[in-house]
Amino acid sequence: MYTLFKQEGRARRGQLETVHGTVQLPAFMNVGTAAAIKGGVSSIDLKELKCQVELCNTYHLHLRPGDDVVRDMGGLHRFMNWSGPILTDSGGFQVFSLAKLRKIAEKGVTFRSHIDGREIFMGPEESMRIQSNLGSTIAMAFDECIENPAEYEYTKQSIARTTRWLIRCKEEMARLNSLPDTINPRQMLFGINQGSTYEDLRIQHMQEIAALDLDGYAIGGLAVGETAEEMYRIIDAVEPYMPVNKPRYLMGVGTPVNIIEAVWRGIDLFDCVMPSRNARHGTLFTWQGVRIIGNARYQRDDRPIDETCDCPTCRHHSRAYIRHLLAYHEMLGYRLAVIHNLYFYNSLMERIRKEIEAGTFAQFRREMVPLLDTRIPEGQD
């Protein structure tokens, strides 16, 4: 159940109650694609890093180790030893982005595995059954992720099919949740808004899926190559038609500034591989801006990554040491860098919540947007 506590403009401070705990919103979901954060960060670590929700990947877990294996192990929560909420995506994005050969039909999608080339079929019912086997807190509806840019007429046909698929997802989830041996009979379903960058199609699709009274709603198909301004334009167009009493999720976003701007426009939930992926390549987020730790000026720098940060990495290790570890591709370097970036993202969301509560989020946005995505220039360390 979603509760809205306070608004500042369109920015929302709320919470989402689930069977696996309550999520304070806005929140960033830490991405554990194959039931693990890349960089050697465990679910035990996440508790210290202020993580509220972990996101896992339906497509990848279906292929390896297999959702039947996860079910036999008692579901994702027991399998990965994480007690908090888990959101699983539907597999739709991976089917459309990773599968080289695919055929879309009304029933679903036939494609070949990117691992071994074997033929696989996935439709709304299959996606719901896989996610039920995983036992996640929130399941995402199976949708078609449209290429961007896409032709108007194809986009129109695609969102109509995605709506029909969503109805089938809702019916199948209701059936699965009623079974006596279902791992999580209180699994939630979020629908996904599509429509490429066409405002009229986005609005039409949002109105159609809002009428289905789901547990939450996501905006999908963005952050796939369009400019940030285009993304903000679509959020501005769609947000007025998103149910006020349901959580709103912007899929695959993004940079700290993207998140601040989307919260300003009424979004509650985010996910992105950016903090972990960038960390493994030495790009570290701080309250002063982006620090490229591989720069030579950090070779003898004994200060922490961010002198204002109290993450485990910054409490115990220097810029020089982390630079050294990453230069030698030591696993510890990846781990320490990912820990810092995840802690920064989760702390950013904590700060955003406090600013909305205090009615000072507009001022925070003005101060932080020019800063957080900007590389720290030499001489300003």
Conditions (1) surrounded by 16 or more Cβ atoms within 10 Å (Cβ to Cβ); (2) in a helix (DSSP H, G or I) -> Val290 fails only (2)
Taking region 196-227 and keeping only residues that are hydrophobic (A, V, I, L, M, F, W, C) and modelled with pLDDT of 95 or more, one is left with Leu201, Ile203, Met206, Ile209, Ala210, Ala211, Leu212, Leu214, Ala218, Ile219
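Only one of Glu378, Glu357, Glu330 is in contact (Cβ under 8 Å) with a residue 24 or more places away in the chain and under 18 Å from Leu284 (Cβ atoms). Can you tell me which? Talk me through it step by step, then tell me what you get.
Working: Glu357 fails: under 18 Å from Leu284 (Cβ atoms); Glu330 fails: in contact (Cβ under 8 Å) with a residue 24 or more places away in the chain.
Only one candidate passes the filter, namely Glu378.
Condition check ((1) in contact (Cβ under 8 Å) with a residue 40 or more places away in the chain; (2) surrounded by fewer than 18 Cβ atoms within 10 Å (Cβ to Cβ); (3) of a type in the set (Ser, Thr, Tyr)) across all residues:
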position	(1), (2), (3)
Gly9	yes, yes, no
Gln24	yes, yes, no
Ala34	no, yes, no
Glu48	yes, yes, no
Gln52	yes, no, no
Cys56	yes, no, no
Gly92	yes, no, no
Val109	no, no, no
Quick count over region 293-305, residues being outside any loop (DSSP other than H, G, I, E, B) and within 18 Å of Glu330 (Cβ to Cβ), is 1
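Given the criterion surrounded by 22 or more Cβ atoms within 10 Å (Cβ to Cβ), among the hydrophobic types (A, V, I, L, M, F, W, C) and at pLDDT 95 or above, identify the matching residue among Ala139, Ala160. If you could, list the steps in order and put the result at the bottom.
Numbers: Ala160 fails: surrounded by 22 or more Cβ atoms within 10 Å (Cβ to Cβ).
None of the others qualify; the one that does is Ala139.
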Of the residues that make up region 133-152, is at least one more than 19 Å from His60 (Cβ to Cβ) and part of a helix (DSSP H, G or I)? yes
message = On the basis of being under 21 Å from Arg164 (Cα atoms), assigned to a helix (DSSP H, G or I) and either in the same structural domain as Ile356 (by TED's automatic domain parsing) or more than 16 Å from the chain's Cα centre (by Cα) (or both), does Ile234 make the cut?
response = no
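Could you name every one of the helices (runs of 4 or more DSSP H) located completely within region 306-358 that has at least 2 residues being closer than 26 Å to Val369 by Cα and either among the aliphatic types (A, V, I, L, M) or in contact with a strand residue (DSSP E or B) (Cβ under 8 Å, 6 or more places away or on another chain) (or both)? Full working, then the answer.
Details: elements: 312-316, 319-327, 331-358.
Once the helices (runs of 4 or more DSSP H) in region 306-358 are filtered for at least 2 residues that are closer than 26 Å to Val369 by Cα and either among the aliphatic types (A, V, I, L, M) or in contact with a strand residue (DSSP E or B) (Cβ under 8 Å, 6 or more places away or on another chain) (or both), what remains is 331-358.
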Residue hits (region 1-46; under 17 Å from the mean Cα position of the chain (by Cα), at positive phi and part of a strand (DSSP E or B)) are none
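The values are calculated or read from the model by the stated rules, or taken from the named source; none is laboratory data. A quick note: this is a predicted structure, and the numbers were derived from the prediction, not measured. When we count neighbours, we look across all protein chains shown, and the Cβ atoms used for this are built from the backbone with ideal geometry, even at glycine.
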